[in-house]
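Contents: one structure, followed by commentary.
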Amino acid sequence: MTNASLTVRMYHVGFGDCFLVTITEDATVWRMLIDCGVHSLDRNARPIRDTVTHLIADLAAMSRDGVARLDVIAATHRHADHISGFAVDAWEAVTVDEVWLPFTEDESDPDTASLQRRQERCARQLRQLIQERSSATPGDDSPAGTALALTLNSLGNADAMDRLHGRNNKRFANAARRRFLPNKAPANTVIPTGVADAVVHVLGPSRDAAELKRMDPPRSVAWLQLDVDLDPSSNPFPVFADDYVVSDPAQIPEELLRAREATQFTFDQRLLGAASVLESALNNTSLFLVVDVRGVRLIFPGDAQWGAWQHVLANPENRQLMQSAALYKIGHHGSHNATPRRFVDEIWQESALAMLPYGRVDRWAATIPKRELLDALHARHHTIIGVDTPEAYPPNTTVHEDRWSEVTFTITGDTGKDR
């Protein structure tokens, strides 16, 4: 058994994900790109077209014949900050063997196709409602502006999805094979790469019917029934029966009126809450991948949130698979609704590396990345690439200007791993 190498390159797209995983053994190379996109709320991010141009140039330079190629593109979910880069037409020059998508994108599956249609319909309705009732623009400082940006992120990008699906004249240089994951057969959730005994474990999203409900925008939530012609100051879904409603405000104590005003959600706040619900539903459709090269393991959870994480952690084999991981891609940009505390405190306790795909968004500057999460990772002696200073990075890490950060692991043939 020969030695091999495993390299993870994080492109600095801003508030978005773009990771290139390369496994090399002798003259054989396997490459997987996990996501390529940026969030519209990151006003300081470089244009995603610029990143795509450099990425494709890097792929061409890495190949022996100057042809840019990938064995796999894994698009974890349809949020724009993970797929918007695939709308760039330069991808037509790249050879791609396989495209991996969550099974919720499988248009031949009637259950998931219906789920996808409901998600898209809800996003379109919410976008229309915001545009009809507000002058907000995506990413402005108002709640409606943030709601609109989140909604557009949930709608993804039609051209990017068309390329990933190979439809509507959007393509790669070849006819790529599509896989919708995880496969229904448990044995098919472990995918061999053909290089250095490496496999990719597909841990999520869950196919359990109860878990699928968490991906379905809840019909009971009032905003799904809001009509664009509705007076936003009215309440079409009263909580109490008429017998319990005080019609004369003079009969209501002043302190209760003040309390109601202090706690009452404005229409724009309701819109923001609705957009957040929709975003959570889509995040939980994320592919949850573990790359395993002779025991050196990399965890890529996409934007999986609490429900999706609980599905993964409920399986003892999954917990064992992740407990000594060499690298963790911090989920959902370090937000509060990903990376369970249990994972940090009880499972991933060995000193290792984390990569944080992050760009400053002013609205979330105080909460993303979550400071308590970073502190907890540091307390476990993990190094966070993307937050820590490059001087503190281990010697197997390279930072190329402001374009990307890269870490390389040498995989020995006998001991399983050598960091």
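For the reader, a short list of remarks on this structure follows.
- Residue selected from region 168-208 under the condition among the basic types (Lys, Arg) and over 20 Å from Asp71 (Cα atoms), by the criterion surrounded by the fewest Cβ atoms within 10 Å (Cβ to Cβ): Lys184
- Options Ala123, Ala87, Ala147, Ala158: the member that is within 18 Å of Gly37 (Cβ to Cβ), modelled with pLDDT under 95, of a type in the set (A, V, I, L, M) and crowded, with 19+ Cβ neighbours inside 10 Å: Ala123
- Sole exception among (1) within 21 Å of the chain's Cα centre (by Cα); (2) free of Cβ contacts under 8 Å to residues at least 40 places away in the same chain; (3) open to solvent by 10 Å² or more (accessible area, probe 1.4 Å) for Phe343, by number: (3)
- Taken across region 40-48, residues that are open to solvent by less than 10 Å² (accessible area, probe 1.4 Å) and either under 19 Å from Arg177 (Cα atoms) or not in a strand (DSSP E or B) (or both) do not occur at all.
- Annotation for region 49-63: no member residue is over 20 Å from Leu6 (Cα atoms) and in a loop (DSSP other than H, G, I, E, B).
- Glu350 out of contact with any helix residue (DSSP H, G or I) (no Cβ under 7 Å at 6 or more places or on another chain), part of a loop (DSSP other than H, G, I, E, B) and more than 23 Å from Trp404 (Cα to Cα): yes
- Qualifying residue in region 354-371 (condition: surrounded by 14 or more Cβ atoms within 10 Å (Cβ to Cβ) and farther than 25 Å from Asp42 by Cβ): no
- Region 1-34, subset part of a loop (DSSP other than H, G, I, E, B) and among the β-branched types (Val, Ile, Thr), residue most open to solvent (accessible area, probe 1.4 Å): Thr2
Yes/no per residue for (1) in contact with a strand residue (DSSP E or B) (Cβ under 9 Å, 6 or more places away or on another chain); (2) within 21 Å of Asn169 (Cβ to Cβ); (3) in contact (Cβ under 8 Å) with a residue 24 or more places away in the chain:
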{"site": "Arg46", "(1), (2), (3)": "no, no, yes"}
{"site": "His54", "(1), (2), (3)": "yes, no, yes"}
{"site": "Asp71", "(1), (2), (3)": "yes, no, yes"}
{"site": "Asp81", "(1), (2), (3)": "no, no, yes"}
{"site": "Ser84", "(1), (2), (3)": "no, yes, yes"}
{"site": "Trp100", "(1), (2), (3)": "yes, no, yes"}
{"site": "Glu105", "(1), (2), (3)": "yes, yes, yes"}
{"site": "Arg121", "(1), (2), (3)": "no, no, no"}
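- Residue tally, condition modelled with pLDDT under 90, of a type in the set (Ser, Thr, Tyr) and open to solvent by 20 Å² or more (accessible area, probe 1.4 Å), over region 90-120: 2
The values are calculated or read from the model by the stated rules, or taken from the named source; none is laboratory data. This one's a predicted model, so the numbers in the text were calculated from it and none came from an experiment. Heads up, the Cβs are rebuilt from the backbone with ideal geometry, glycines too, and the neighbour counts pull from every protein chain shown. We work out accessible area using only protein heavy atoms, side chains counted, and drop any ligands, DNA or RNA first. Shrake-Rupley method; radii C 1.70, N 1.55, O 1.52, S 1.80 Å.
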